[in-house]
Amino acid sequence: MTTCIILVGITVLSLLPPKSGLEIQSNDKVNHFVAYACLTFSGLAAKILKREFGMVLFFILFGILMEWLQGFVPGRDQSFFDTVANILGVGIGFFIYRSLRRLSFMN
């Protein structure tokens, strides 16, 4: 359930036009990184898909798709560096999940 909420939240925040009243200020790249790390960790922990690689690939493609779709939202632009932050977030979410699992905190 948490993964679905995060997925919907990322989608809404990614596709809302600027000045919608829901924009989150501060470092944009950090926001992307943290959002995708949380999404990936949550999805892997919930075992939504049986194959970890498939889920990681899905989240990477989702991050790329969100950036591409932003190019069609008035006032928003596609950003290569946002895409990189999304992918790095997926990577760190996967790394944290695997590290905790290896340390036997998770099954």
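Look through segment 92-102, keep the residues that are free of Cβ contacts under 8 Å to residues at least 40 places away in the same chain and not charged (D, E, K, R), and return whichever of them is surrounded by the fewest Cβ atoms within 10 Å (Cβ to Cβ). Selected residue: SER99.
VAL73: in contact with a Pro (Cβ under 7 Å, 6 or more places away or on another chain) and β-branched (Val, Ile, Thr), yes or no?
Judged against the criteria, VAL73 is a match.
The residues listed here are ILE64, ILE48; of these, the one that is closer than 20 Å to THR2 by Cβ, surrounded by fewer than 19 Cβ atoms within 10 Å (Cβ to Cβ) and of a type outside the set (Phe, Trp, Tyr) is ILE48.
Among helices (runs of 4 or more DSSP H) entirely within segment 23-107, having at least 2 residues that are closer than 18 Å to THR11 by Cα and of a type in the set (D, E, K, R) singles out 28-46. Within segment 74-83, restricting attention to residues that are over 11 Å from the mean Cα position of the chain (by Cα) and surrounded by 14 or more Cβ atoms within 10 Å (Cβ to Cβ), which residue is modelled with the lowest pLDDT? The extreme case among them is ARG76.
All conditions in (1) in contact with an Asp or Glu (Cβ under 7 Å, 6 or more places away or on another chain); (2) buried (at least 18 other Cβ atoms within 10 Å of the Cβ) hold for GLY71, with the sole exception of (2).
Within segment 85-107, the residues that satisfy the criterion of being more than 21 Å from THR3 (Cα to Cα) and not basic (Lys, Arg) are LEU103, SER104.
The values are calculated or read from the model by the stated rules, or taken from the named source; none is laboratory data. This one's a predicted model, so the numbers in the text were calculated from it and none came from an experiment. A quick note on method: Cβ atoms are made from the backbone with ideal geometry, for glycine too, and the neighbour counts reach across all protein chains shown.
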